[in-house]
Amino acid sequence: MTIEELPGQLAEIREDFLALEVRERLQLLLEFSNELPELPERYRDHPDLLERVEECQSPVFIFVEIDDGLVHLYATAPREAPTTRGFASILAQGLDGLTVEAVLGIPDDFPQGLGLTEAVSPLRVRGMTALLARAKRQIREKVAA
Amino acid sequence: MTVETDSSTRFAEFAHPERLVSTEWLAEHLGTPGLVVVESDEDVLLYETGHIAGSVKIDWHTDLNDPVERDYIDGVAFAKLLGSKGIGRDTTVVIYGDKNNWWAAYALWVFTLFGHEDVRLLDGGRAKWEAEGRAYTTDRESAPTVDYPVVERDDAAIRAYKDDVLAHFGNPLVDVRSPEEFSGERTTAPAYPEEGALRAGHIPSAQNVPWSKAVAEDGGFKSLTELNGIYRDGAGLKDGDDVIAYCRIGERSSHTWFVLTHLLGFEGVRNYDGSWTEWGSAVRVPIVRGAEPGAVPTLK
């Protein structure tokens, strides 16, 4: 898959970011950050099910679920880490309900194409790249199991 | 014209008490002409979630670093940045931030490279301000544009390059990273992203004093007695010592640079901002692994 062939909802997120000036992209990232849903009840009491993403500067935990062949990603990160929350929220919304094949086909460098490298710096965007890689790895493990 | 200093007795014991302000002082002085409050965080979005009223944001990555070369911005860019934040050459600047002022201290150190005279830290940073239930606003940043003169950076006094470190052997070096990074178990801070050092360990003869040892439970700095215990008794630093501090990219060691220079009064402390991401990838520089500092090396 090339970046031009992204699934609709991810393509839309990308277009939304790219349509904005660099400064406004931070505001959109903040909106995503604020929209990161609470963990569903069934995971709240099971922190052991969540995987910590070590490459992110702030503690962030993700869990991928495959339901009927469709992917759902859950994540939690502290309020004091809004950038990390924003990254997790983009993926939670962007991947939700996609097929396993569609998610595995997302280019690994999708985060670099959001126009955020200028707004938040390339180093920080690496955290999102790591989140995507972890999510894909969890999916591969679940499919193989 | 500078704003009066914080004369609280709490800071009087330090070598340069005028470099710190308390949360109480800041709350009382917000809006004082000639004062600009700057927030500088690790997380680039934290300011947008809520900040001290009237403060402006300066980001270490996107504002203070040169976008192309691994260096700080030059005098022209610094003048443009500060002018756009309402800061003049004689403005009193108080910097605060997340993570116990880790990045705030880094910004203060960069301001010092440009010789900005009156720049202070808010003791305790965001954590203390929040713990005391003080207010934040989400108002958009607004500052009048003022003139800031173009002053070229003077790196010599407080910044060390790799060659300076090589020439420094025999004098004290302080490695402020975590014990795991120091011993060479890992090249990044626990839970931090890999920033690309090819070798693990530390610069020979460096004492390991993790930066956070200087921080008290409330996020502020520890007392003079405690700090003397850590740096003089513990790490063996003596008056008159010429010290170089380093970490991974120079941010944590800015915090230690502040402690040694402004709180303990050491003169001529330099921050090696190339730090481990440079040293751990450089060709033919000596490295020691393990928990011991190791001997002063004979250079090849």
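Taken about its Cα centre, region B:218-300 carries a charge dipole of roughly 380 debye when the Cβ of each Lys and Arg holds +1 and the Cβ of each Asp and Glu holds -1. Along its three principal directions, the equivalent ellipsoid of chain B from the Cα gyration tensor extends over semi-axes of 32, 21, 18 Å, largest first.
Note on B:44-51: average number of Cβ atoms from other chains within 10 Å of each residue's Cβ is 6. Using a simple spin-label model with pseudo-atoms 7 Å out from Cα toward Cβ, B:Asn171 and B:Glu18 lie 2.6 nm apart. Per the Kirkwood formula applied to alpha carbons, region A:96-144 shows a radius of gyration over Rh ratio, Rg over Rh, of 1.04. Exposure proxy ranking for A:Asp96, B:Asp43, based on other Cβ atoms within 10 angstrom of each Cβ and starting from the fewest, stands as A:Asp96, B:Asp43.
Relative to the longest principal axis of the Cα atoms of chain B, the long axis of helix B:75-84 lies at roughly 30 degrees. The ellipsoid equivalent to the alpha-carbon distribution of the protein assembly as shown has semi-axes of 38, 28, 20 angstrom, derived from the gyration tensor eigenvalues as √(5λ) and listed largest first. Separation of region B:132-174 and region A:77-137, taken as the distance between their Cα centroids, equals 31 angstrom.
Extent of chain A along its three principal axes (Cα atoms, max minus min coordinate, largest first): 43, 35, 22 Å. In region B:91-205, the inverse of the mean reciprocal separation of distinct Cα atoms equals 17.8 Å; this is its Kirkwood hydrodynamic radius.
For chain B, lysine pairs with C-alpha atoms less than 22 angstrom apart, excluding pairs fewer than eight positions apart on the same chain, total 13. Rg/Rh for region B:2-87 stands at 1.02; both radii use Cα atoms, and Rh follows the Kirkwood definition.
Here the protein assembly as shown carries DSSP beta bridges of which approximately 40% are antiparallel, counting only pairs with both residues inside. DSSP bridge analysis restricted to region B:161-300 gives an antiparallel fraction near 20%, rounded to the nearest 5.
FYI, it's all coordinate maths here, none of it is from the lab. Given the structure is predicted, the values throughout are model-derived calculations rather than measurements. Quick reminder, even Gly has a Cβ in these numbers, built from the backbone with ideal geometry, and neighbours come from all protein chains shown.
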